[in-house]
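This report concerns only the one structure given below.
The values are calculated or read from the model by the stated rules, or taken from the named source; none is laboratory data. Quick caveat, the model's predicted, so the values are computed rather than measured. Ideal geometry is used to build each Cβ from the backbone, glycine not excepted, and the neighbour counts take in all protein chains shown. Ligands, DNA and RNA are excluded from the accessible area calculation, which covers all protein heavy atoms including side chains. Shrake-Rupley method; radii C 1.70, N 1.55, O 1.52, S 1.80 Å.
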Amino acid sequence: MLAKPISISVILHLLFVVIIITGMPSFDRFEEAPMSIVEIELINNLPAITQEIIEDDSKQESASNKKKYSATPNVKPSMRSEDSKNMNILENEEPIEKTTKAEYQEDENIMEFFSTPEIKPELNKINDKLLTNLDYDENKKETEKVTALLDKFPDEKDVGEMIDKKPQEKNLTSDAIITAGEISNMRSQIEMCWNPPVGVRGAASQRVQVMITLNSDGTISKVEPVTRNTNGSREVAINAAVRAVLSCAPYEFPIEKYELWKEIKFTFDPRNMLGG
Amino acid sequence: MINQINRLLLLLFLLLFYSTVSKAALEIDVSEGNLRPMPIAITEVIDKQNEQLGLGLDITKVIASDLAGSGLFYPINPKAFLDEVNSLDRNPDFNSWRVVNAEALFSAELIFDNERYRINYKLWDTFSEKSLEANYLVFSENKWRNVAHIIADTIYTRLTGEKGYFDTQIAFIAESGPKTKRIKRLAIMDQDGQNPILLTSGRDLVLTPRFSPNGKELVYLSYRNGQPQVYIYDIQSKQTYVVGTFPGMTFAPRFSPDGRKIIMSLQEGVGSNLFEMDLGNFDRKRLTNTSDINTAPSYSPDSSNIVFESDKSGTQQLYVMDANGDNVRRISFGTGSYSTPVWSPRGDYIAFTKISKGRFMIGVMFADGSGERIITDGFHNEGPTWAPNGRVLMFFRESPGEDGGAMIYSVDITGYNERKIETPGYASDPSWSALMN
């Protein structure tokens, strides 16, 4: 009797799931088409940029360090294939000239270490193919984008100014959100002060929730354990959580988002630390 | 499958609903803390009447030493204190204690009246500014150490949630003389190594003392009259009793958790079997009947199971059986051999000595044999015994060489905070008592 409604429900649910997985039908998808190629190109350009940065920042930095932080192994195969158009592109930006001969040889060793000779030609082919699909202008455009991004990073003076201006510049908007980075910052402030009891029976399962109300200067106006005190060891775990919250105050949270962190519910879960 | 999808959808709906409709408080999960000994301020016990006797200071030092020795507390140097506590009648200035990072504050006062002392004590949480404990004890002067240990246990319990273990004793074998002709005597001391008392003369070789659950008797092996037999020593009356008349050598004795029975090994041919003897009616009950070496039995704290070692597989391994001897199952499967199993008073772990590649280690595993963990490793570590709260172990460690000997060590079950217990000479075979008071 219920079979029909259930099957309708199932079909609707499935439809819903399919929509969740594939997304809503889009009528202007063609715009997204060339994206993937740009991504790959970017990666191939990175060594050149990192190379420059390394050169600028510290010329004494050892050759081995350079290799560690730049993605040279990805690039080298395409460089070695002489008939590739991209050889010219990369040469225009002069990343190779700056590497010494010894370093280059070491790079080859690394290549041998990381990829077996059988795979190497295959890699070359793929890279060549991908790179030949790109023309220099696009390549340059992306390089410029990255450079522009890098330029956005302020130098020391600018940072000082930004911090000074911060409270005035940012408006308190109702749709402001606490970012993952800010949450992680809040978490790390409290982690410093949390010393959970390790000796109690089932210490690892003593999960405790504490609700705090904060003043805008980061001091605490109210602390209230959400977890109910059922026995001695639970009480000790609650005390430790309350102590953590109190002893870490005042907190340094972004003032313009006070409305969002006025009330925080902390869940203290020692399972990761104590095993369980 | 459909059920799962339905559940998933429901969850999605709920999440959507929750995020759009409710403006709940920000939620932050904290899963990593900063494990460290808890800083605690222990102020000198106030003794206005007899300050010159120094009893207040002595008690303070024992409390601080107990807590520091546990590895879970860090008593703050009194020189750093910004405030002092002159009276327990009013609340301390918590802020000045928070400034010196004290998370807890302990203060006490002594009152001498009618040949007896009364100690009033208080423990505060300096951050929540609440009193965690306020109590008193009345005692005669010669019991001051016990009182200090009892108070340290109370602080430990209130701040860790677990019972303490400071007001306890250790029975052990005191060793003296050269290695080839070592004299071994039965002895007891406080858990911090204080008040050592020798109980036997050293004429007969004695081994493996084990406390009774009430701490008033010891059961041990003595070579009295040439024949190794299990004896009981009554600490108060200093009397010795032989446990039953068995046809062969009896050894590896241990009390049952209720103290009414003794479980031990009896040599039978080339092997040995486990017997249980009722101390009320002297009934004896056979628990194993094989030609292997079955020995070192230890009850689970609820008396329902017995762990023991046996060489029935070729090497010494650990086995657990029901208290009546049925349902024997092997629990140790690592490389090497396992011996001297002891069931934790908590019931969760079994501590053991493991011998592998010529090294003697102390380890713990869960009662089903899982989760084996080595706690200490070296030339020769042996004979673990549990603190009554099942959190700390003692064992003895032999040093190599002509002049080498055994010393007793304590270690946390996490493997941290290993400490040597100061004894007058060499000492082996420790047995930890239950809480004395």
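Key figures for this structure:
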read-out	value
Residue identified as closer than 15 Å to B:Asp192 by Cβ and modelled with pLDDT under 95 among B:Arg373, B:Arg419, B:Arg391	B:Arg419
Sole residue being more than 25 Å from B:Ala171 (Cα to Cα), open to solvent by 10 Å² or more (accessible area, probe 1.4 Å) and outside any helix (DSSP H, G or I), chosen from B:Ser291, B:Ser303, B:Ser272	B:Ser291
Test: residue in the range B:156-174 that is surrounded by fewer than 17 Cβ atoms within 10 Å (Cβ to Cβ) and not assigned by TED's automatic domain parsing to the domain that holds B:Phe73	no
Criterion: exposed (fewer than 15 other Cβ atoms within 10 Å of the Cβ), without any contact (Cβ under 8 Å) to a residue 24 or more places away in the chain and either in contact with a strand residue (DSSP E or B) (Cβ under 8 Å, 6 or more places away or on another chain) or of a type in the set (Phe, Trp, Tyr) (or both) - qualifying residue of A:Ser188, A:Ser221, A:Ser184	A:Ser221
Qualifying position, being farther than 27 Å from B:Ser344 by Cβ, free of Cβ contacts under 8 Å to residues at least 12 places away in the same chain and open to solvent by 40 Å² or more (accessible area, probe 1.4 Å), among B:Arg224, B:Arg185, B:Arg203	B:Arg203
Positions within the range A:250-276 being over 27 Å from B:Asp348 (Cα atoms) and more than 7 Å from every other protein chain (Cβ to nearest Cβ), in sequence order	A:Pro250, A:Tyr251, A:Glu252, A:Phe253, A:Pro254, A:Ile255, A:Glu256, A:Lys257, A:Tyr258, A:Glu259, A:Lys262
Answer from A:Ser247, A:Ser233 - the residue that is open to solvent by 10 Å² or more (accessible area, probe 1.4 Å), touching a Pro at 6+ places or on another chain (Cβ under 8 Å) and at the interface with chain B (Cβ under 8 Å from one of its Cβ atoms)	A:Ser233
Test: residue in the range B:89-99 that is open to solvent by 30 Å² or more (accessible area, probe 1.4 Å), within 29 Å of B:Gly193 (Cα to Cα) and assigned by TED's automatic domain parsing to the domain that holds B:Thr154	no
Residue under evaluation B:Leu9, criteria (1) at pLDDT below 80; (2) within 30 Å of B:Val99 (Cα to Cα), criterion not met	(2)
Restricting the range A:169-181 to residues that are open to solvent by 100 Å² or more (accessible area, probe 1.4 Å) and of a type outside the set (Val, Ile, Thr), the residue that is modelled with the lowest pLDDT	A:Glu169
Count - residues of the range B:30-44 that are open to solvent by 50 Å² or more (accessible area, probe 1.4 Å) and either among the polar types (S, T, N, Q) or more than 9 Å from chain A (Cβ to nearest Cβ) (or both)	2
Members of the range A:194-215 that are open to solvent by 30 Å² or more (accessible area, probe 1.4 Å), polar (S, T, N, Q) and at pLDDT below 90	A:Ser205
All helices (runs of 4 or more DSSP H) inside the range A:214-276 with 2 or more residues being within 30 Å of B:Thr154 (Cβ to Cβ) and touching a helix residue (DSSP H, G or I) at 6+ places or on another chain (Cβ under 9 Å)	A:232-248, A:271-274
